[in-house]
Amino acid sequence: MDDGETILSVDDLRKQFDGIVAVDDVTARFYEDELHAIIGPNGAGKTTFFNLLTGALTPTSGTIVFDGEEITGVPPSEIARRGLIRSYQVTKLFDGLSVLENVAVAVQTNENSYNFWGKAPPEITDRAHEILERVDLAPKADTLASNLSHGEQRTLEIAVALGTDPKLLLLDEPTSGMSPEETRDVIQLIGELRRDLPIILIEHKMSVVNEVADRILVLHNGKKIADDVPDAVRQDREVRRVYLEGTA
Ligand SMILES: Nc1ncnc2c1ncn2[C@@H]1O[C@H](COP(=O)(O)OP(=O)(O)OP(=O)(O)O)[C@@H](O)[C@H]1O
């Protein structure tokens, strides 16, 4: 199933920290119309892989092409400006701002018209409201971000990411620390977003991966050991061995 448009390709991507090869010559294609999940045991290299994509880390070698242009070595702010967006951790939210204001800041920053001290123009607030409706946080628009539940804060992170109008959204364990109900809501949200937005998801919970992923890339000790549709990955000998070994 590799006939869709490629939104992101990595070739021989490598990141070495002193003696540790965190990402070991990974080559992979990510397609516009598919939700890709990246799984792997602790220390497999998933977070490092994301950090290479966003420019937070510079690869030791290899290339990354996003939306038809090479982004290897491009500064993180420029990569984000081009639309490769990682949903930030809760700590990146502005606690003292309302839910609506947090999203409005993202929308405004994206439009290069951000003015911290001024009131957001109506079109910015309208766009922020639309996004809150989409993620089901509209009833909390005026609540301070710090007063949201953990699950709501994680959903707000996704809303903030959407505020920047991404072309590709990277989600790093979006359901971590969530209750089963919150997890269900986020799975549903991801299912809706992916209809018109390419998503790459790092996820530990196989129940989440099974529900949303079209393709699964499996990393182990920095190496790609599988990259296929979920059924094929579940049957893959090497994947089974790695998970059954108890290293997961
Ligand atoms: N800044 C760093 N300096 C040295 N080693 C690092 C650094 N960042 C990551 N590593 C090492 O690289 C390897 C891959 O780590 P990484 O965090 O990418 O894995 P992961 O798959 O995201 O793990 P987890 O599921 O536990 O979050 C690990 O051995 C880790 O200790």
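The values are calculated or read from the model by the stated rules, or taken from the named source; none is laboratory data. Keep in mind that this is a model prediction, so the values were computed, not measured. Virtual Cβ from ideal backbone geometry, glycine too; neighbours counted across all protein chains shown. The accessibility values were calculated without ligands, DNA or RNA, using every heavy atom of the protein model including side chains. Shrake-Rupley method; radii C 1.70, N 1.55, O 1.52, S 1.80 Å.
Hey, any hits in the stretch 165-184 for a residue that's closer than 14 Å to PRO41 by Cα and touching a residue at least 24 places away in the same chain (Cβ under 8 Å)?
The first filter runs over the stretch 165-184 and keeps only residues closer than 14 Å to PRO41 by Cα, leaving 173.
Then drop every residue that is not touching a residue at least 24 places away in the same chain (Cβ under 8 Å), which leaves 173.
So far as the stretch 165-184 goes, yes, one or more of its residues are closer than 14 Å to PRO41 by Cα and touching a residue at least 24 places away in the same chain (Cβ under 8 Å).
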Output the residues belonging to the stretch 1-46 that are within 16 Å of the ligand (Cβ to nearest atom), within 22 Å of ASN210 (Cβ to Cβ) and either part of a strand (DSSP E or B) or open to solvent by 70 Å² or more (accessible area, probe 1.4 Å) (or both). ALA28, HIS36, ALA37, ILE38, ILE39, ASN42
Under the condition of being more than 22 Å from VAL10 (Cα to Cα) and surrounded by 17 or more Cβ atoms within 10 Å (Cβ to Cβ), which residue from the stretch 212-242 is modelled with the lowest pLDDT? VAL242
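Please determine, by comparing only the residues of the stretch 199-211 that are of a type outside the set (Val, Ile, Thr) and within 11 Å of the ligand (Cβ to nearest atom), which one is modelled with the highest pLDDT.
Within the stretch 199-211, the subset of a type outside the set (Val, Ile, Thr) is 201, 203-207, 210-211.
Then keep just the ones that are within 11 Å of the ligand (Cβ to nearest atom); that gives 203-204.
Numbers: GLU203: 90, HIS204: 84.
My answer is GLU203.
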